[in-house]
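These notes concern the structure reproduced below.
Coordinate-derived values only; no laboratory data. Since the model is a prediction, treat every value here as computed from it, not as a measurement. Backbone-built Cβ (ideal geometry, glycine too); neighbour counts: all protein chains shown.
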Amino acid sequence: MTTEAQEPVTLTPLPETWSTALAVVAHPDDMEFGAAAAVARWTGQGKRVVYCMVTSGEAGIDGMDPDVARGIREAEQVESARLVGVDEVEFLGLPDGVLEYGVPLRREIARVVRRHRPDVVITGNHREAFPNGVPNQADHVATGRAVLDAVRDAGNRWIFRDQVEDEGLEPWGGVEQVWVSGSPTATHVVDVSATFDAGVASLAAHAAYLDGLGWEGFDPAEFLGSMTRPAGQALGVEHATTFEVVRLTWD
Ligand SMILES: [Zn+2]
């Protein structure tokens, strides 16, 4: 592990003038490996945050059949979300581990954007590697890329027009930025000193999954702290979490 990528960059605090955010990620636990403490801060400010899981993470536990794991992982995600003030958690039910970037995935995500009409969309890292240089997981790349496109699709009434004409959804072009958690090229930062513990609790809520990983001595507080302390130092606070802001407008 190296934290070199985070050190020399000047990170800007994320704006907090919005009221609704939609987080779309590939798996249960994706929000909890970094972004959840920021979510706790925002829900504490009275903002609405909705979670949408593209899969149920059913292929994530080696010793457990996906038909069993699906329900357990969904329940862990719902509890994990509750611990950071999120009451709305949706599961699209697409197949874990074999997501493909493409029009069908964009269609599903555009529908969610049109239903919730968020100001901000949050997703996971779509880039080739994790911040430590290890190649990223395929579902993360597919989902993150599809989110960037689907946010635009959602604003165009002629794309996925059956949603507009048959399902009664209106186009929604109100998302100007996508915030990418866990990006190796972070641009922005959130002070999560006051909500770090809630973030730790939300990760610990994925107990069956974490057990299944078999990482000996894994400590959610230690793991998350190893990411939030260096970013915090850059901001002059104890804990901070980073995001890459992707702007979707030209100006
Ligand atoms: Zn994941």
Self-check item: Most positive-pole-ward Cα, Gly124, Ala110, Leu92, against dipole of region 75-145 from beta carbon charges
Solution: Ala110
Exercise. Grab the beta carbon distance between Ala221 and Ala75, set R0 = 25 Å, and tell me the FRET efficiency rounded to 0.05.
Key: 0.65
Quiz item: Long-range amide H contacts for Ala129: which residues qualify at under 5 Å (H placed 1.01 Å from N, peptide plane, sequence gap of 5 or more or a different chain)?
Solution: Asn136
Exercise. Over the alpha-carbon set of the chain, work out the extent along each principal axis and list the three values in angstrom, largest first.
Key: 52, 47, 34
Practice problem: Note down the magnitude of the dipole of region 83-142 about its Cα centre, charges +1 on Lys and Arg C-beta and -1 on Asp and Glu C-beta and zero elsewhere, to the nearest 20 debye. | Solution: 320
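Which whole-number percentage describes the relative contact order of region 80-201, with Cα contacts under 8 Å and a sequence gap of 6 or more?
Normalised by residue count, the contact order of region 80-201 is 33 percent.
Could you work out the local net charge near Thr249, counting Lys and Arg as +1, Asp and Glu as -1, over the other residues with Cβ closer than 12 Å to its Cβ?
Net charge in that neighbourhood comes out at 0.
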Quiz prompt | Dipole of region 135-251 [Lys/Arg +1, Asp/Glu -1 at C-beta], most positive-end residue of Thr228, Ala198, Ala154 | solution = Thr228
Quiz item: Measuring from the lowest to the highest alpha carbon on each principal axis, how far does region 16-157 reach, largest first, in angstroms?
Solution: 43, 34, 31
Quiz prompt | Value in Å of the Kirkwood radius, where region 173-251 supplies the Cα pairs that are averaged | solution = 14.2
Quiz item: In percent, what relative contact order does the chain have, based on Cα pairs under 8 Å that are 6 or more apart in sequence?
Solution: 27
Quiz prompt | Calculated SAXS-style log₁₀ I(q)/I(0) at q = 0.12, 0.18, 0.22 Å⁻¹ - region 96-210, Debye, Cα scatterers | solution = -0.54, -1.03, -1.21
Exercise. Taking the Cβ of each residue in Trp42, Trp158, Trp172 as the centre, tally the other Cβ atoms inside 10 Å and list the residues starting with the fewest.
Key: Trp158, Trp172, Trp42
Exercise. Give me Thr123, Thr43 ranked fewest to most by other Cβ atoms within 10 Å of their Cβ, as a rough exposure proxy.
Key: Thr43, Thr123
Quiz item: In debye to the nearest 20, how big a dipole does region 102-251 give about its Cα centre with +1 on each Lys and Arg Cβ and -1 on each Asp and Glu Cβ?
Solution: 480
Quiz prompt | Prolate/oblate/rounded call for region 129-185, Cα gyration tensor, a/c under 1.5 rounded | solution = prolate
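Go ahead and run the numbers for FRET between Arg157 and Asp87, Cβ-Cβ distance against an R0 of 22 Å, rounding to 0.05.
Working from the Cβ atoms, E equals 0.15.
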Quiz item: Suppose every K and R has +1 on its Cβ and every D and E has -1 on its Cβ; what is the size of the dipole of the chain about the Cα centre, in Debye to the nearest 20?
Solution: 880
Self-check item: Order of Leu203, Leu213 under a 10 Å beta carbon neighbour criterion, fewest first
Solution: Leu213, Leu203
